[in-house]
Amino acid sequence: MDWDLVLSSLGPLAVGAITGTIPLALASFAIGIVIALLAALARLSPRWWLSGIARFYISVIRGTPLIVQLYVIFFGLPSIDVIIDPWPSAIIALSLNVGGYAAEVIRAAILSIPRGQWEAAYMIGMPRWLALRRIILPQAARVSVPPLSNTFISLVKDTALCSLILVTEMFRIAQQIAAFSNEFLLLYVEAAVLYWVICLVLSAGQDRLERRLERHVA
C-alpha cells in the first residue's frame, strides 16, 4: 500500500468533505424537510386535489432512482433551454428526493399522535392550524427524529452520486486523484472509509439526540 499517497490525499479528501459533501447534505436536507412537511400536510388535507398532487409527487420521487432525477435536472432540462449549474442541480435533486421520502415519515408521525390531542385542542378553542403548530407537530417531531436521522445519513452517502454531474465533493476529488495516480482501488477505499467515519459520527449524534428526547418525554 502506498501510504504516502494515502496521507497526501487525506487532506484534499477531508477538504472535499468539509466544503462539498457536508454542506451539500445539510442544505439539501434543510430544504427537503420543508418540502416534506408541506407534502405531508397536503397528503393529510381533506381537499382531494391537494392530496392528489402530494401523492403524485411522493410516488414519482420514491418510484425513480436518484441518479435519474439528477440526470433529468442537469442533463435533461437544457434540452428545453433550462440550464442549471451543477451545485444548484444537485441541491434541487437531493432536496426533492429527501422531501419525497421524509414526507411519509412526517405524515406517519402526525397520524401517530392520539386523536384526543386534537380534540383537547379544539375544546379550548384552538383552530386546526394552531393545534397543529403548537400541539401536534412538536410531538410528531420527537417521533420522527430516528427515521429522519437515518434519512440524513443516507443523504450524506447519496451526495457521492453528484460527482456524476461534476459537483466537486469528496468522491469527485477521490476520482480526480485516482485518475492522476492510477491508484483507483486505494483512493476509492480511502473515500469509503471517510464516508464510514462521517456516518459513524452522525450515528453517535443520532443516538445521543434520541436519548435526550426520551428523557424529555419521560
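The values are calculated or read from the model by the stated rules, or taken from the named source; none is laboratory data. Model, not experiment: these values are computed from the prediction. Reconstructed Cβ throughout: ideal geometry from the backbone, glycine too, with neighbour counts over all protein chains shown.
Within region 63-70, identify whether any single residue is more than 26 Å from Ala174 (Cβ to Cβ) and touching a Ser or Thr at 6+ places or on another chain (Cβ under 7 Å), and answer yes or no. No, region 63-70 contains no residue that is more than 26 Å from Ala174 (Cβ to Cβ) and touching a Ser or Thr at 6+ places or on another chain (Cβ under 7 Å). Each residue in region 27-49 was checked for being surrounded by fewer than 19 Cβ atoms within 10 Å (Cβ to Cβ) and among the small types (Gly, Ala, Ser), and 3 of them qualify. Scanning region 146-170 for residues that are outside any helix (DSSP H, G or I) and under 12 Å from Leu24 (Cβ atoms) yields Val167, Thr168, Glu169. When region 162-186 is filtered for residues that are surrounded by fewer than 20 Cβ atoms within 10 Å (Cβ to Cβ) and under 26 Å from the mean Cα position of the chain (by Cα), the ones remaining, listed by number, are Leu164, Leu166, Thr168, Gln175, Gln176.
Only one entry in Ala90, Ala36 is within 14 Å of the chain's Cα centre (by Cα) and farther than 21 Å from Ala160 by Cβ, namely Ala36. Looking at Trp87 and the list (1) free of Cβ contacts under 8 Å to residues at least 24 places away in the same chain; (2) surrounded by 15 or more Cβ atoms within 10 Å (Cβ to Cβ); (3) out of contact with any helix residue (DSSP H, G or I) (no Cβ under 7 Å at 6 or more places or on another chain), which single condition is not satisfied? Result: Trp87 fails condition (1) only. Of all the listed residues (Ser59, Ser95, Ser79), the sole one being among the polar types (S, T, N, Q), without any contact (Cβ under 8 Å) to a residue 40 or more places away in the chain and under 21 Å from Ser144 (Cα atoms) is Ser59.
Against the list (1) part of a helix (DSSP H, G or I); (2) at pLDDT 85 or above, the condition Ile84 fails is (1). Selection of region 1-26 for residues being of a type in the set (A, V, I, L, M) and surrounded by fewer than 16 Cβ atoms within 10 Å (Cβ to Cβ) yields Met1, Leu7, Leu10, Ala14, Val15, Ile18, Leu26. Within the span defined as region 187-204, every residue fails to be touching a residue at least 40 places away in the same chain (Cβ under 8 Å), under 20 Å from Leu24 (Cβ atoms), crowded, with 16+ Cβ neighbours inside 10 Å and among the polar types (S, T, N, Q). Where the second residue is in a helix (DSSP H, G or I) and at pLDDT 80 or above and the first is within 17 Å of Ala192 (Cβ to Cβ) and of a type in the set (Ser, Thr, Tyr) and lies in region 1-12, which pairs have Cβ atoms under 7 Å and are six or more apart or on separate chains? Going by the 7 Å Cβ cut-off, the qualifying pairs are Ser9/Ile177; Ser9/Leu187; Ser9/Glu190. Please tell me if Ile165 is aliphatic (A, V, I, L, M) and more than 30 Å from Asp85 (Cα to Cα). Considered against the rule, which asks whether it is aliphatic (A, V, I, L, M) and more than 30 Å from Asp85 (Cα to Cα), Ile165 comes out as no. Within region 143-155, at least one residue is modelled with pLDDT of 85 or more, closer than 19 Å to Gly20 by Cα, touching a Cys at 6+ places or on another chain (Cβ under 6 Å) and not polar (S, T, N, Q). Inside region 93-138, residues that are within 23 Å of the chain's Cα centre (by Cα), under 18 Å from Pro46 (Cα atoms) and aromatic (Phe, Trp, Tyr) make up a count of 0. For Gln139, the stated conditions do not hold, so it cannot be described as buried (at least 19 other Cβ atoms within 10 Å of the Cβ) and without any contact (Cβ under 8 Å) to a residue 60 or more places away in the chain.
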